[in-house]
1. Does the range B:71-81 include one or more residues that are over 25 Å from the mean Cα position of the chain (by Cα), assigned to a helix (DSSP H, G or I) and acidic (Asp, Glu)?
2. Considering A:Leu23, A:Leu27, A:Leu69, which residue is touching a residue at least 40 places away in the same chain (Cβ under 8 Å), farther than 27 Å from B:Ala18 by Cβ and either away from every other protein chain (no Cβ under 13 Å) or surrounded by 12 or more Cβ atoms within 10 Å (Cβ to Cβ) (or both)?
3. Kindly indicate whether B:Glu80 is of a type in the set (D, E, K, R) and within 14 Å of chain A (Cβ to nearest Cβ).
4. Filter the range B:243-253 for residues that are surrounded by 24 or more Cβ atoms within 10 Å (Cβ to Cβ) and among the hydrophobic types (A, V, I, L, M, F, W, C); which is farthest from B:Arg323 (Cα to Cα)?
5. Could you check, for the range B:48-68, whether at least one of its residues is closer than 30 Å to B:Cys264 by Cα and either within 25 Å of the chain's Cα centre (by Cα) or within 14 Å of chain A (Cβ to nearest Cβ) (or both)?
6. Quick one: B:Thr15 ticks every box in (1) closer than 19 Å to B:Tyr305 by Cα; (2) within 14 Å of another protein chain (Cβ to nearest Cβ); (3) not in a helix (DSSP H, G or I); (4) not hydrophobic (A, V, I, L, M, F, W, C) bar one, so which box is it?
7. Criterion first (in a helix (DSSP H, G or I), away from every other protein chain (no Cβ under 14 Å) and closer than 30 Å to B:Asp276 by Cβ) does A:Leu33 satisfy it?
8. Give the range B:216-261 a look and list any residue that's more than 17 Å from B:Tyr133 (Cβ to Cβ) and of a type in the set (Asp, Glu), or say none.
Amino acid sequence: VSVLENPRFGDFPPGANRRPEQLQRLLDLRDQLLGEQTAAASPAVARALQMADYYLFVALTYFGYTDKLFPEQ
Amino acid sequence: VIKPVGTQRFWNEQTQTASREELDAVHLAKIRKLVAWAYEASPLHHRIYDEAGIKPSDVQTWDDFHHRLPFTDKPDYMAEQDAASHGFGGTALGEEHWQQYFHSTGTTGGFLNEVFSQYEMQKAGSQYCYALYDYGLRAGDSMYFCFNWGSWIGLWSFYWGARDLGLRIISGGGSSTEERIRQIIKLKPTVVVATPTYLLHLAEVALEQGVDLRESGVRMVAGGGEAGLSIPATRDRVSALWGVNDMVMDAYGVGETLFVAVSCRKWAGGVHVIEDACHSYVVDPDTDLPILDGEAVGEHVITSYTHFSQPFIKYRTHDLVRRIQRPDHGCGWTFAHLPGVVLGRVDFMVTIRGVNVYPTAVESLLGEISELSNHYELHVTRVAGFDRMLVKVEVEPDATATPSELDSRLSALLRENLGVRLETEVLPPQTIPRYELKTTRVFDHRKDCERPSIGLGRT
């Protein structure tokens with residue numbers, strides 16, 4: 001079953017941030033991700049984490065997140 | 001102690017410089033998991049392993065892998081492809097994961113349809129980064145593509161690599177050669193990527209227009225799809241026309257298993273297998289036994305850790321290579337090295353009076369006669385039970401020797417170095433077609449029954 005067809009997400013609310021607790025968890029995850037990027041074992045790992053951050057930031061934007069506008073800000 | 005990323009010499013030191021023993025231990029662990037997963041997920045692999053009477057749990061050691069696990073080959077996938085309603089053979093992931101379609105170039109007859117998931121494209125791109133990083137490329141550099149983004153995977157995966165490294169992409173897709181020359185002069189990319197033949201063609205057309213690409217600001221050229229960039233004479237000519245010195249990067253790939261090897265900055269005449277992305281070893285095409293000494297030439301057999309939509313495990317590439325297990329040419333990489341890259345094809349193997357003649361050896365020798373160009377074709381025929389090879393090559397436009405003189409010199413050079421006499425034909429300039437995609441150099445006119453046959457590792 002693909003992500004979009006997963007029944008778990010059937011009741012996902014539309015619109016701006018109606019799940020503040022998940023947004024907060026994702027922001028915490030991002031802090032952790034950026035910390036790992038700084039301490040990365042190799043340029044390969046650092047770049048992979050940077051790309052992961054781009055995808056994570058897209059997820060933040062789906063919550064109507066506005067504190068930062070883009071990952072590099 | 002972790003060094004700051006900006007000061008590190010290698011793209012991924014932890015595996016790129018690991019010992020042979022460490023690498024082999026990781027390979028065996030990955031292969032065992034892969035075989036177990038493919039047995040459950042891929043009907044093709046399930047059937048092949050059942051027919052061979054082997055279960056995943058039987059694969060415990062390298063001996064099991066080398067001697068008990070069956071090979072796979074293109075006809076296995078083609079047969080499934082022909083029978084499947086979705087048009088793909090050997091699939092293991094559902095269609096909801098399939099993100100992009102390609103097909104092989106048809107070098108070995110018939111197009112094999114290939115499909116890739118999002119992760120596979122991301123991972124495939126990472127294979128280039130080991131080399132691009134080694135050549136000094138960083139975010140802020142740019143890559144110009146002489147490529148029309150068709151259904152051959154070729155430079156698509158280079159594009160994924162450029163994105164994985166964070167380079168700026170400049171597309172030359174849909175542009176004529178003349179337009180590409182103007183774009184390169186105007187946009188000054190750090191790297192130009194194309195097949196070796198097209199890199200030569202682009203520089204030659206530029207010169208005809210009075211444009212010297214050595215003045216373009218391009219610092220590096222890169223390519224693949226053909227042997228050229230690891231053949232010294234061809235590489236030197238490309239380097240001279242572009243003025244890039246040793247900044248010539250070669251890449252070797254097999255469409256089905258994705259790109260498998262790239263050159264390091266030291267080059268040393270070949271490419272390193274990216275052992276984070278695949279396992280590779282060499283077999284004697286007659287006996288199927290592994291060749292582990294690094295001296296003998298044999299058939300390259302690949303297991304991909306990148307392609308899961310269609311797993312390729314112990315897959316016969318039909319490419320003839322020499323594989324150095326423990327390279328020591330000073331680059332620091334420990335990934336295996338393939339000097340000369342693809343030396344020939346098992347199915348194009350030509351034996352003339354007992355001597356195996358490899359197309360790359362012929363190309364290398366052509367480069368020793370400066371008045372001959374890099375544009376050539378090899379035509380293989382069988383007459384009265386014996387293989388024959390005709391070498392057709394274009395003369396350089398400014399050659400002073402007559403075609404007859406050049407023909408005699410070429411014939412003597414080939415005989416002295418290969419130990420056999422080949423037929424030769426020196427042609428006027430611009431006789432042989434130029435291609436943007438993988439150029440066909442070898443034309444095998446033998447009947448199927450006259451070509452060398454190879455075993456499939458199972459009856």
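1. Yes.
2. Just a single option satisfies the conditions, and that option is A:Leu23.
3. So B:Glu80 fails the test.
4. Taking the candidates together, the pick is B:Val248.
5. Yes, that holds for at least one residue.
6. Result: B:Thr15 fails condition (3) only.
7. So A:Leu33 fits the description; yes.
8. Residues satisfying the conditions are B:Glu226, B:Asp236, B:Glu256.
The values are calculated or read from the model by the stated rules, or taken from the named source; none is laboratory data. None of these values were measured; they are calculated from a predicted model. Virtual Cβ from ideal backbone geometry, glycine too; neighbours counted across all protein chains shown.
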